[in-house]
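Written out below as structure tokens is the structure these notes cover.
The values are calculated or read from the model by the stated rules, or taken from the named source; none is laboratory data. None of the values given here were measured: they were computed from a predicted structure. Note: ideal-geometry Cβ built from the backbone for every residue, glycine included; neighbour counts use all protein chains shown. In case anyone asks, the SASA skips ligands and DNA or RNA and just uses the protein heavy atoms, side chains included. Shrake-Rupley method; radii C 1.70, N 1.55, O 1.52, S 1.80 Å.
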Amino acid sequence: MEDRKILKSGEFLVSEIEAKDIFIPEEFNEEQRMIAQTCHDFLEAEVYPQMAELEKGNRELMRSILKKAGDLGLMGISVPEEFGGFGQSFVVQMLVAETTGAGYSFSVAYMAHCGIGTMPILYYGNKDQRERYVTKLATGELLGSYCLTEPGAGSDANSGKTNAKLSEDGKHYILNGQKMWITNAGFADTQIVFAKIDNDRVLSAFIVERNLPGVVVGPDEHKMGIKGSSTAQIYYNDVKVPVENLLGKRGEGFRIALSILHMGRIKLGANVIGAAKKAITDSVKYANERKQFGVLISTFGAIKHKLAEQVIRLFAIESAVYRVSRDIDDMIGKLKQDCGDTGRASIEAISHYAVEAAILKVVGSEMLDFVSDEAVQIYGGMGYSAEMDVERGYRDSRINRIFEGTNEINRLLVVDTAVKRAMKGDFDIFGKAEALFADLDKITDGEIPDEPYFAEKTRYIRNLKKVILICIHGAVKQFPKNLINDQEVLNNIADMMMDTYVSESLSLRICKMETLGKNIAVCKDILDVNIYDTADKVRKAACDAVFSFAEGEKVNSMIKAIEILTRVRGVNVKAARRRIADKLIGDNSYKF
Ligand SMILES: Cc1cc2nc3c(=O)[nH]c(=O)nc-3n(C[C@H](O)[C@H](O)[C@H](O)COP(=O)(O)OP(=O)(O)OC[C@H]3O[C@@H](n4cnc5c(N)ncnc54)[C@H](O)[C@@H]3O)c2cc1C
């Protein structure tokens, strides 16, 4: 393993790494690119031509396309070879999630199968369960689903009423209850069902086969988007689930459910990149064809602004996605040395990066909503036509802010998890923050003359982190009554953390690209605009937070410090965005 510095989850708030310490997508090798190309070719050959038919809700067609993906080996990317898969690294799993993310509702069905439908058994199953199910899920012989949500239990997932009781002969759990919004419900052969045994306080998890008597799948929901994916309710009426199908230990289900959601969030962060690249390519192709006032619309500044902003937001979150992926790979490697089991090591590593998982989920889904919305706008009236891919992309994008934990829940998690980890001693937020607080009136922005380009960006990001520490410390220690109940303040802090993490990842990526000899001229424009915007957003969020939780004379010194620490050099954003757009327009496709 390379000798590189790895940060714990959330530690980025107080520590720095160097560009050499992160993985960037420009480092994918030929073999890994070929895997991505295979996924891309599959979408072109098997998915896009069937999209209209899939959107009519043809469950059989979706099932058959998933089976074809299985035949091609695309279901086994994340599964170790001993269970019939290809045992690819986490970064490659993310590359596959990215590429298939361009597949609209197919992507949702595919990810539900390969991720939340398969991985619980790989991660938590015993040898027998893995051999009985994972080997078949890895090839597509079986298709999977994950059943946590209930009519009364959504965000509050542990409040479900589905119940399991051990039969008198001790051979079965008798399952009763109802699940809703279950992806792949219409055709999945296996269901990971969460239920409480007897009057347990927490959930347990079960592997339930669809053909067991008493399992009843309802009709598909009529949805706003991802219309090709099957989403339905499932009812369990005295279903006899063999005791061997309890997944993990009794009462371990809630932990399994949450861990799997961390994984789902990270992979969603990759998924949306693929969808956004497709939307941007569609946008620029249209802008390069459509003429108004006698010229191509891609020559208009307002359109260039949109195209550039699509690229900036995508390129930035992509940097964070692959940074986290390599961190996870490295931690899997370390944990595997201790426990010897790839599955257990993987889920421990993924769960460890809970702060970053929530960041990727929120920023990624909001990036895709922005990109898809602007794609529709660039198409004008044609963007509103149901004939167009951008219209489908717009509708399909919206779900990403809702499932895998809503963005509201994930924003809370970003701050809550980081603060808890710091309190546990993983890293020191409060000592550093206290030192800042003690000298608030003496804070400077640390500017030095003739600062090199990347050193200046690093300083800006360091300053933004100080702002976050000031706010966390102020909210938790100085005015402790408010924070837990003040979700607005938590949101402010979450937004600052997310933007800063993404900007830092972007800066490190472009710095590393330079060391790899890449031409980074336009990438510097991306970074300049991104940091200029991030500093402004952090300033606003920090001021909102401080005015909300603080009182008295401390307010003035905190606001003054925030103004100083969010000061960045002015950027000619018009010229920078035009250069970014011009590259996209010249390439006539997303090729950054
Ligand atoms: C198309 C689709 C596919 C899905 N696939 C699956 C699947 O395969 N398996 C599965 O188990 N589930 C699935 N889901 C369910 C999904 O995960 C839930 O819809 C989601 O977790 C939100 O739960 P809810 O719908 O009950 O909303 P609620 O929890 O009722 O939330 C309503 C609103 O209140 C907010 N809110 C709730 N609690 C808080 C809080 N503490 N603080 C602040 N705001 C809060 C939410 O953010 C949201 O804005 C799917 C849903 C859809 C729509």
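Given the criteria within 21 Å of the chain's Cα centre (by Cα), open to solvent by 40 Å² or more (accessible area, probe 1.4 Å), on the phi < 0 side of the Ramachandran plot and free of Cβ contacts under 8 Å to residues at least 60 places away in the same chain, does ARG255 qualify?
Details: within 21 Å of the chain's Cα centre (by Cα): yes; open to solvent by 40 Å² or more (accessible area, probe 1.4 Å): yes; on the phi < 0 side of the Ramachandran plot: yes; free of Cβ contacts under 8 Å to residues at least 60 places away in the same chain: yes.
Yes: the conditions hold for ARG255.
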Inset, instruction - For GLU16, state whether it is open to solvent by 20 Å² or more (accessible area, probe 1.4 Å), within 19 Å of GLU356 (Cβ to Cβ) and more than 22 Å from the chain's Cα centre (by Cα). - result: yes
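Yes/no matrix, rows are residues, columns are (1) open to solvent by 20 Å² or more (accessible area, probe 1.4 Å); (2) at pLDDT below 95; (3) part of a helix (DSSP H, G or I):
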| residue | (1), (2), (3) |
| --- | --- |
| VAL522 | yes, no, yes |
| VAL529 | no, no, yes |
| ALA541 | no, no, yes |
| GLY552 | yes, yes, no |
| LYS560 | yes, no, yes |
| ARG569 | yes, no, no |
| ALA581 | no, no, yes |
| LYS591 | yes, no, no |
Inset, instruction - Please find, within segment 372-431, the residue that is nearest to the ligand (Cβ to nearest atom) out of those that are touching a Leu at 6+ places or on another chain (Cβ under 9 Å) and outside any helix (DSSP H, G or I). - result: PHE403
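Results for (1) part of a loop (DSSP other than H, G, I, E, B); (2) hydroxyl-bearing (Ser, Thr, Tyr); (3) at negative phi, shown as yes or no for each residue.
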residue	(1), (2), (3)
TYR235	no, yes, yes
VAL241	no, no, yes
ARG250	yes, no, yes
LEU261	no, no, yes
ILE266	no, no, yes
GLY269	no, no, yes
ILE303	no, no, yes
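Among the residues in segment 106-128, are any assigned to a loop (DSSP other than H, G, I, E, B), near the ligand (Cβ under 10 Å from one of its atoms) and open to solvent by less than 30 Å² (accessible area, probe 1.4 Å)?
Of all residues in segment 106-128, those assigned to a loop (DSSP other than H, G, I, E, B) come to 118, 125-126.
Going one step further and asking which of them are near the ligand (Cβ under 10 Å from one of its atoms), we end up with none.
No; the residues of segment 106-128 include none that is assigned to a loop (DSSP other than H, G, I, E, B), near the ligand (Cβ under 10 Å from one of its atoms) and open to solvent by less than 30 Å² (accessible area, probe 1.4 Å).
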Inset, instruction - Starting from residues that are open to solvent by 40 Å² or more (accessible area, probe 1.4 Å) and touching a strand residue (DSSP E or B) at 6+ places or on another chain (Cβ under 7 Å), keep the ones in segment 198-211 and report whichever is nearest to LYS136 (Cα to Cα). - result: GLU209
Inset, instruction - Could you tell me whether segment 189-197 includes any residue that is touching a helix residue (DSSP H, G or I) at 6+ places or on another chain (Cβ under 7 Å), within 12 Å of the ligand (Cβ to nearest atom) and open to solvent by 30 Å² or more (accessible area, probe 1.4 Å)? - result: no
Inset, instruction - Return the only residue of GLY57, GLY85 being modelled with pLDDT under 95 and buried (at least 17 other Cβ atoms within 10 Å of the Cβ). - result: GLY57
Legend entry - Hits in segment 129-165 (condition: away from the ligand (no atom under 16 Å from the Cβ), within 13 Å of THR190 (Cα to Cα) and among the small types (Gly, Ala, Ser)): ALA138, GLY140
